[in-house]
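Here the structure comes first, spelled out in structure tokens, and everything after it is commentary.
Read-outs: derived from the displayed coordinates by stated rules, not from any lab. What you are looking at is a predicted structure, and each value in this text was computed from that prediction instead of being measured. Cβ: placed from backbone, ideal geometry, glycine included. Neighbour counts: every protein chain shown.
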Amino acid sequence: MRSFIKCKVCGFIGVEGTIHQVCPACGALLSSFENYDYEIGDKRLSNLKMQLHPMLVHFPQSISILSFLVIIIAFLMKRDTNSEWILITKIISMILPFTVIAAMASGVFDAKARLKNTNGKIRKQKIQIGTFFLVVSGISAILINYEVFTAFGIISILLLGLLSVLCSILLGRKGASLSCVLIRN
Ligand SMILES: [Zn+2]
């Protein structure tokens, strides 16, 4: 067990001795901190400190955006000159579902360390959106790798790409609202 201090200005909670001079959240002086009675086990704290989920979510986030851009470039180019771009879209579209799985697995692990109640509404929504993201990116990978480039196929791939980007934005926003619960309470 270790002792915690809380910023009276913004409510940020930190481990005593790790905050020097100013609050890392709002910039208030160290003198505006008070002792905060909060018990957390060392194991739970070390799980939290790994920040696995906040790190791993950047992969599906950036890859979904990259994938969408590369697909647009590939489709805008002429049929016989875009073979390299098609190859890149194939590779990226195959990687995306695996990064979604890694982010979801770390999210479940992180939620166990971070949240008192792991059956919360936002957590459920995040799992639903994450599952939808996985299905969307999986279908997209299949269509791209089997070169379903009919007019209907291309529209589907573009729509699925857009949905992937929307899923990652939505998940990021939901996640941010969860971390605020921890900081402000
Ligand atoms: Zn503060």
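Here is how the numbers come out for the structure above:
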item	result
The chain: relative contact order as a whole-number percent, Cα under 8 Å and 6+ apart	23
About the Cα centre, charge dipole magnitude for the chain (Lys/Arg +1, Asp/Glu -1 at Cβ), debye	520
Set of lysines near K90 by C-alpha distance (under 29 Å), chain-local residues within fewer than 8 positions excluded	K78, K126
Order by protection proxy (mean Cβ within 10 Å, highest first), peptides 12-21, 49-58	49-58, 12-21
Long pairs among K43/K124; K121/K174; K6/K112; K124/K174; K112/K174, criterion Cα-Cα beyond 19 Å	K43/K124; K6/K112
The range 127-169: Rg to Rh, with Rh as the Kirkwood radius over Cα pairs	1.01
Relative exposure of I127, I155, judged by other C-beta atoms within 10 Å (fewest first)	I155, I127
Computed P(r) (all Cα pairs; the chain; 10 Å bins; percent)	9, 30, 24, 18, 12, 6, 1
Stokes-Einstein D (µm²/s) once Rh is taken as the Kirkwood radius of the range 1-82 over alpha-carbon pairs, at 37 °C in 0.692 mPa s	200
